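Structure, as structure tokens:
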Amino acid sequence: MQSIHATFEAGVFRPVGPVALPEGSEVELHIVPMVAPQPNGSPEVVSIEDHISQIAAEVPEEEWDSLPADLSENLDHYIFGTSRE
């Protein structure tokens, strides 16, 4: 899955940069606002915690359940293959 930054203008999502897809490809969008609109018109940056929470909310519960119970204690083991504690 790839992430594409885009702006929403006149009812159309417009990619900020090049997109490596064949012309006419159908895609599914998962909207994660980069800035929250404010009544006074000035943008408010979305906090990293809110951004991560939005992403985590899209992960199905069965995926969270499939993670090892000792993941936090043995993260280096699962990422780098070091010995378990």
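The values are calculated or read from the model by the stated rules, or taken from the named source; none is laboratory data. As the structure is a computational prediction, the values presented were derived from the model and not from experiment. Positions of Cβ are generated from backbone atoms using ideal geometry, with glycine treated the same way; all protein chains shown enter the neighbour counts.
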### Summary
Taking segment 1-18 and keeping only residues that are assigned to a strand (DSSP E or B) and within 21 Å of residue 55 (Cβ to Cβ), one is left with 6, 7, 8, 13, 15
### Task
Just give me the residues in segment 1-18 being within 21 Å of residue 58 (Cβ to Cβ) and out of contact with any strand residue (DSSP E or B) (no Cβ under 8 Å at 6 or more places or on another chain), in sequence order.
1, 2, 3
### Query
Just one of 16, 32 is modelled with pLDDT under 90, closer than 19 Å to residue 3 by Cβ and touching a helix residue (DSSP H, G or I) at 6+ places or on another chain (Cβ under 8 Å); which is it?
32
#### Entry: Contacts under 9 angstrom Cβ, first residue in segment 56-73 being in contact (Cβ under 8 Å) with a residue 12 or more places away in the chain, partner not in a loop (DSSP other than H, G, I, E, B), 6 or more apart
70/77; 70/78
### Task
Please determine, by comparing only the residues of segment 51-82 that are in contact with an Asp or Glu (Cβ under 9 Å, 6 or more places away or on another chain) and part of a loop (DSSP other than H, G, I, E, B), which one is surrounded by the most Cβ atoms within 10 Å (Cβ to Cβ).
74
